[in-house]
Amino acid sequence: MDERLLIEAAQRDTSRFADLYEANVDRVYAFVSRRVRNRQEAQDLTSEVFHRALANLQRFEWRGAPFAAWLYRMAANAVADHYLEKAREGNLPAEEISDDAMIDADRRAALTQCVDRLPKDQRHVIVMRFVEQRTIREIAEDLGKTEGAIKQLQWRAMQNLRAQMHA
């Protein structure tokens, strides 16, 4: 079923959110578990992401980007909040989060904002290519464009992102 239709159905009837959960839980868990070392914490944070998503589903606005991109942003925020809370409690060993990890988190947040500012067609290609990890051929088939057109859109998007990140 088309993702947009699943979202609209879940916005009308929250019991339909289960379909969105099933379609995305494995990727969100993988995203979170790469950022926290403890399996239980990864499971808890993944659960928190989906609770936040359900609570805010009515505010979700379809813009052509995959629903997973919205979930990843929530997951990144949940992980950051998790580490901030551990740091406040004094439960964060010094080696747990390095300066490099903080710089990387800041760069990822800035990149997400830059991707959000891309033209719709470029943003869509970047999300499909790098978030969903789809091939050029798969993207071309989905969008009804040639592989050359998709490569061109990807190249333009990358140029835009480079310019934004270095500005």
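Throughout, read-outs are computed from the coordinates displayed, never taken from laboratory work. Values in this document were obtained by computation on a predicted structure and should not be read as measured data. When we count neighbours, we look across all protein chains shown, and the Cβ atoms used for this are built from the backbone with ideal geometry, even at glycine.
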Exercise. Answer rounded, prolate or oblate for the chain, using the Cα gyration tensor with square roots of eigenvalues a ≥ b ≥ c: rounded when a/c is under 1.5, else prolate when a/b is larger than b/c, else oblate.
Key: oblate
Quiz item: Between Asp44 and Ala80, what is the spin-label point distance in nm, taking each point 7 Å from the Cα along the Cα→C-beta axis?
Solution: 2.1 nm
Quiz item: In sequence order, what are the phi-derived ³J(HN,Hα) couplings for the range 52-67 according to the Karplus relation 6.51 cos²θ - 1.76 cosθ + 1.60 with θ = phi - 60°, rounded to whole Hz, with x for glycine and proline?
Solution: 4, 4, 5, 5, 9, 4, 5, 8, 5, 10, 5, 10, x, 7, x, 4
Quiz item: Over the chain, what relative contact order in percent results from Cα pairs under 8 Å that are six or more residues apart?
Solution: 17 percent
Quiz prompt | Segments 134-144, 72-82 sorted - mean Cβ within 10 Å per residue, highest first | solution = 72-82, 134-144
Quiz prompt | Cα-based reach from Lys120 at 16 Å (exclusive), listing lysines while leaving out same-chain residues under 8 positions away | solution = Lys145, Lys151
Quiz prompt | Shape box of the range 45-87 [Cα atoms, principal axes, largest first, Å] | solution = 36, 17, 14
Quiz item: Quick one: which of 54-66, 7-19 comes out on top by average Cβ neighbours within 10 Å, and what's the full order, highest first?
Solution: 7-19, 54-66
Quiz prompt | Whole-Hz ³J(HN,Hα) from phi, Karplus 6.51 cos²θ - 1.76 cosθ + 1.60, for the range 156-164, glycine and proline x | solution = 4, 4, 5, 4, 4, 5, 4, 5, 5
